[in-house]
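This report concerns only the one structure given below.
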Amino acid sequence: MRSPSTSSTEAGARAALAFTAALAVLLAAFLLGAGLGADRLPFSPEGAFSDAVTTHWPNALLLRRTVLDEGALPLWQPGIFSGTPFAANPLSKVWYPPQWLVLLLPPALHLNVLIWLHLTLAGLGAWQWGRATGLTRGPAALAGAGYALAPRLIAAVGNGHVDLLYAAAWVPWLLWAVERTLRVGGRGRAAFALGGFAALCLLADVRLSAYAFALTAAYAL
């Protein structure tokens, strides 16, 4: 016979799964309606250029070609000025695990899939954080959808600032891990998760992670 806590955990997992599926479909429809596709990258309205085109697409292409064609890690970017460091540049995303999805997908599709995945992760993180603080499913769902579709995140996507989106997606997960560690219980696993989310946020964007860590520390206090 199942204990009430087990049944509650399973119900919570089903609710999270249902929310994630609904949010993923909503975001996919939104992004496709905004013009993203397998061979299209985000631009601001009437913009002449986008960071997704001038920086993130070339970085993804260089990583894909160097690894698949040469079997090596790209250390140098020869196409900018007289060459610049690549693996040592945090903006190249070489050390950010999801970036390696480009080995399976063409660079443009890869970037758009990562945008969709990180928006979904952002919304799910806000849902989980809200639930950990005691919110019921309705308010938690509103918080999750609101964060995933926040104007600041959508503006970052529209300007091609995908690295900022990547880092922002991990912020609610950091706060969730703090909540789980200090108040809800399960400190060992939650503390381990906190370290993992912090590392992903740092690898996603060094700049935004500084603010994220300060926010996390203030929240913990």
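Couple of notes before you dig in:
- Phi-based couplings in Hz for the range 121-131 (Karplus 6.51, -1.76, 1.60; Gly and Pro marked x): 4, 4, x, 5, x, 5, 4, 5, 5, x, 5
- Think of a 1.4 Å ball rolled over the protein heavy atoms: the chain then has 53 Å² of accessible area per residue.
- Calculated FRET value between residue 218 and residue 22, using beta carbons and R₀ = 30 Å, to 0.05: 0.40
- Residue 46-residue 105 pseudo-label distance in nm [points 7 Å out on the Cα-to-Cβ vector]: 3.1 nm
- Of all accessible heavy-atom area on the range 172-217, the percent that carbon and sulfur account for (1.4 Å): 70 percent
- What the phi angles of the range 78-94 give under the Karplus curve with 6.51, -1.76 and 1.60, with θ = phi - 60°, is a coupling list of x, x, 10, 6, 9, x, 9, x, 10, 5, 7, 9, x, 6, 6, 6, 4 Hz, glycine and proline written as x.
- Annotation: amide H of residue 77 within the under-5 Å range of 84, 86, sequence separation 5 or more or interchain, hydrogens built in the peptide plane.
- Accessible-area value, residue 64, 1.4 Å probe, nucleic acids and ligands omitted, Å²: 60 Å²
- A 1.4 Å probe over all protein chains sorts 46, 70, 179 by accessible area into 46, 70, 179, starting with the largest.
- Solvent-accessible area assigned to carbon and sulfur over the range 64-159 amounts to 70 percent, based on a 1.4 Å probe.
- Projected onto its three principal axes, the C-alpha set of the chain covers 64, 37, 35 Å, listed from the longest axis down.
The values are calculated or read from the model by the stated rules, or taken from the named source; none is laboratory data. Not measured: the values here are computed from a predicted model. Backbone-built Cβ (ideal geometry, glycine too); neighbour counts: all protein chains shown. Note: accessible area is taken over every heavy atom of the protein model, side chains too, but ligands, DNA and RNA are not part of it. Shrake-Rupley method; radii C 1.70, N 1.55, O 1.52, S 1.80 Å.
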